[in-house]
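**Student:** Input: one structure, supplied below.
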Amino acid sequence: SQTIHQWPATLVQPVGSPLSLECTVEGTSNPNLYWYRQAAGRGLQLLFYSVGIGQISSEVPQNLSASRPQDRQFILSSKKLLLSDSGFYLCAWRDTGYYGYTFGSGTRLTVV
Amino acid sequence: GQQLNQSPQSMFIQEGEDVSMNCTSSSIFNTWLWYKQDPGEGPVLLIALYKAGELTSNGRLTAQFGITRKDSFLNISASIPSDVGIYFCAGEETSGSRLTFGEGTQLTVNP
């Protein structure tokens, strides 16, 4: 079966520290992958998406970057975190031909 | 870019009441989806709609794909405390295009 793993579940990081969030998908190949951020429990802001290895599209210029080193691995990074980077980060994937996205369980990031 | 207007932003209801929320867009969508997000979790797909006029049920949930293809609604009947969460609509303009999400409806159910 197809599953998506996202970790860590929660993270508290000081301002200026680096960040690495990882997302992996199992049971499928060549999925479209997405990183979203959700602030204050409301809307979903698309940060990055990828249609293949090494292919990253950025939606919003910001302090973050994404990479896809393997077909089913998507990484969200930052060199120096800002207070405004706090939020709930969600990874999602879509199989070719399937309309909906499947979301991971999210990472709650608090920058202090 | 494409935007979806989802309303209401929040709802506070009593257990047992029915709930209705909707989404509208300025452009035509080929697919409408409804998600629910429990507190601290990722959104989970509730219902997917693929044809204009389609009415689909999932237990106490019913969703419809508007005839104009520019709107969709979700109804929840006889609400219960576990219905609490954020409900998102999402639309797809063409097959394979990225989903556009509404801003969400925060539902609170008082026992």
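**Student:** Roll a 1.4 Å probe over the protein heavy atoms and report the accessible area of B:Y50 in Å², nearest 10.
**Tutor:** Around 100 Å² of this residue is reachable by solvent.
**Student:** Then there's this: Hey, could you get me the Stokes-Einstein D for chain A, Kirkwood radius over alpha-carbon pairs, 25 °C and 0.890 mPa s, rounded to whole µm² s⁻¹?
**Tutor:** The calculation lands on 175 µm²/s.
**Student:** Total Å² of accessible surface buried at the A-B contact, 1.4 Å probe, nearest 100?
**Tutor:** 1700
**Student:** A further question follows. Per the Kirkwood formula on distinct C-alpha pairs, the Rh of the protein assembly as shown is how many angstrom?
**Tutor:** Result for the protein assembly as shown stands at 18.1 Å.
**Student:** Just how much of A:V12 is accessible, in Å², when a 1.4 Å probe is used and the result is rounded to the nearest 10?
**Tutor:** Here the accessible area works out near 100 Å².
**Student:** A further question on this structure: Ordering A:S67, A:S17 by accessible area with a probe of 1.4 Å, largest first, what comes out?
**Tutor:** I get A:S67, A:S17, largest accessible area first.
**Student:** While we're on this one: Largest first, what is the accessible-area ranking of A:F74, B:F101, B:F73 with a 1.4 Å probe?
**Tutor:** The ordering from most to least exposed comes out as B:F73, B:F101, A:F74.
**Student:** Which number comes out as Rg/Rh for chain B once both Rg and the Kirkwood Rh are worked out on C-alpha atoms?
**Tutor:** Reported Rg/Rh (Cα atoms, Kirkwood Rh): 0.96.
**Student:** Follow-up question, since we're still on this one. Can you compute the FRET efficiency between A:T10 and B:E15 using 1/(1 + (r/R0)^6), with r the Cβ-Cβ distance and R0 = 45 Å? Round to the nearest 0.05.
**Tutor:** Once rounded, the FRET efficiency stands at 0.90.
**Student:** Could you work out the mean count of beta carbons from other protein chains within 10 Å of each residue's beta carbon in B:60-70?
**Tutor:** Partner Cβ neighbours, averaged per residue: 0.
**Student:** Continuing with this model, one more query. Within the set of other residues whose C-beta is less than 13 Å from the C-beta of B:A63, count the net charge using Lys and Arg as +1 and Asp and Glu as -1.
**Tutor:** With Lys, Arg at +1 and Asp, Glu at -1, the net is +1.
The values are calculated or read from the model by the stated rules, or taken from the named source; none is laboratory data. Not measured: the values here are computed from a predicted model. Virtual Cβ from ideal backbone geometry, glycine too; neighbours counted across all protein chains shown. Only protein heavy atoms, including side chains, enter the accessible area calculation; ligands, DNA and RNA are left aside. Shrake-Rupley method; radii C 1.70, N 1.55, O 1.52, S 1.80 Å.
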